[in-house]
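As structure tokens, the structure follows; a few thoughts come after it.
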Amino acid sequence: MTNMIEYHKMMLSDRYRTNTFKRAIFETVKPGDVVLDLGAGTGILSFFACMAGAKRVYAVEVDSVIEIAKELAKENNLKDKITFINNVSTDISLSEKVDVIISEIFGSFGLEEDIIDYMADARERFLKKSGVLIPFSIQMFLVPVDVKDIYEDINFWKRNHFGIKFGALRKMAINNQYNRYIEKKNHLAKPLLIKSIDLYKASQSYFNETAEFALTRQGIFYGLAGWFEARLSEKVTLSTASPDRTPSWNIAFFPVDKPTKVNKGDYITSKVSLSKWKGNVIWNWDIKVETKSGKIVKLDHCHNKDRSIYPKPV
């Protein structure tokens, strides 16, 4: 219970995240609307919908935190407006169509919590033809980075400790995704928009994108950094890019096994794809560095390599 409370405290303390969703909800939800909140958590977005004038809110949450949300609804005199459903949204049914669907089930690189699949299912089964999605689109960005401090933390497993080798753990660590704060000064190139997703049309989580970066400075290439921007409403966009601090997500970091010295004018080609393993969304990345002289260095990384020995991504 303590860890759950700390987790939700961290999200609520992220004022940029919470206020951005609040502004989008107040812009979108109209008096008398029926609203569906997917992944309601402590119920904060459901409460905002009620404050904006919703007639009724269906708050769907699969975890036990829904009991806390119920108590908070009572405390704020909102229990008569909210129907709490303790289940996964794909297994529920509603007696009516809704005007607005709200969801905040993002990972640091946008898609780790299956937002496309859940929103697509809810959109097709529950949303009125004139209904609105919050968010309604997601843009995903990628850039190569020089982040020695973050990489050295991963290399903890490369060293011997107490006379014991930990090479096997280092192999797992280097094939993992990390959520860290990465600043613009760490970029080795101009960030590229590599995927734009229309949630009114997308039907399932699919991602298989190639991007080529022309490096704008010299440095050490330690991996790729990725983030997202979500259009919550016509006037409101949520971005996890620097300099905004979003501790709820931070920026996704995908390390390479062998850091490579690079120079201005070199090229880095990255192939990033998404797959699923035992219900988890897994990112795969393969990278090639091409110098101005034509030398090619392949830094192949596939997060799915021998998944049987890998723990759930952090």
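Between Met4 and Lys295, what is the label-to-label distance in nm when each label sits 7 Å out along the Cα-to-Cβ direction?
For Met4 paired with Lys295, the spin-label model returns 5.5 nm.
Bin width 5 Å, alpha-carbon pairs only: give the P(r) of the stretch 2-104 as whole percents, running from 0 to the bin holding the largest distance.
3, 13, 25, 26, 22, 10, 2, 0
Given contacts defined as C-alpha pairs under 8 Å and at least six residues apart, what's the relative contact order of the stretch 118-254, whole-number percent?
Working: 222 pairs, mean separation 52.2, N = 137.
Once divided by the residue count of the stretch 118-254, the mean separation gives 38 percent.
Multiplying the sequence separation of Asp198 and Lys171 by 0.36 nm and subtracting their Cα-Cα distance, what value in nm do you get? Each step should come with its number before you reach the end.
On the way: separation 27, 0.36 × 27 = 9.72 nm, distance 3.61 nm.
Going from the current span to full extension adds 6.1 nm.
Tell me the Kirkwood radius of the stretch 106-264: reciprocal of the mean inverse pair distance over distinct alpha-carbon atoms, in Å. Working shown, then result.
Values: mean 1/r = 0.0575 Å⁻¹.
In the stretch 106-264 this quantity evaluates to 17.4 Å.
Assign unit charges at the C-beta atoms only (+1 for Lys and Arg, -1 for Asp and Glu), then state the dipole size of the stretch 7-111 relative to its Cα centre in Debye, rounded to the nearest 20. Display every interim value, and only then the final one.
Details: 13 positive and 14 negative charges, 73 e Å.
For this selection, approximately 340 debye.
What number, in percent, do you get for the relative contact order of the chain if the mean sequence gap of Cα pairs under 8 Å and at least 6 apart is divided by its residue count?
Details: 675 pairs, mean separation 52.6, N = 314.
With pairs under 8 Å counted, the relative contact order is 17 percent.
How much length, in nm to one decimal, is gained on full extension between Lys190 and Lys74, taken as 0.36 nm per residue of separation minus their Cα-Cα distance?
Contour length minus Cα-Cα distance gives 36.8 nm.
Over the stretch 2-104, what is the relative contact order in percent, taking alpha-carbon pairs closer than 8 angstrom and at least six residues apart?
On the way: 163 pairs, mean separation 29.8, N = 103.
RCO, the stretch 2-104: 29 percent.
Between Asp257 and Phe162, what is the label-point separation in nm under the 7 Å Cα-to-beta-carbon projection?
Output for this residue pair reads 2.8 nm.
Which percent, nearest 5, of DSSP beta bridges in the chain are antiparallel? Let's see the in-between values first.
Values: 55 of 72 bridges.
Around 75 percent of the beta bridges assigned by DSSP in the chain are antiparallel ones.
Tell me which of Met172, Ile197, Ser137 sits at the most positive position along the dipole axis of the stretch 136-284, charges placed on C-beta atoms (Lys, Arg +1; Asp, Glu -1).
Checking the options against the dipole of the stretch 136-284, the answer is Met172.
Under Stokes-Einstein, with the Kirkwood radius over Cα pairs standing in for Rh, what whole-number D in µm²/s applies to the chain at 4 °C and 1.567 mPa s? If you can, show how the numbers build up before the last one.
Values: Rh = 20.9 Å.
It diffuses with D of about 62 µm²/s by this estimate.
The numbers here are math on the coordinates, done by the rules we state, and not lab data. No experiment lies behind these values; they were computed from the predicted model shown. Here the Cβ is made from the backbone with ideal geometry for all residues, glycine too, and neighbour counts use every protein chain on show.
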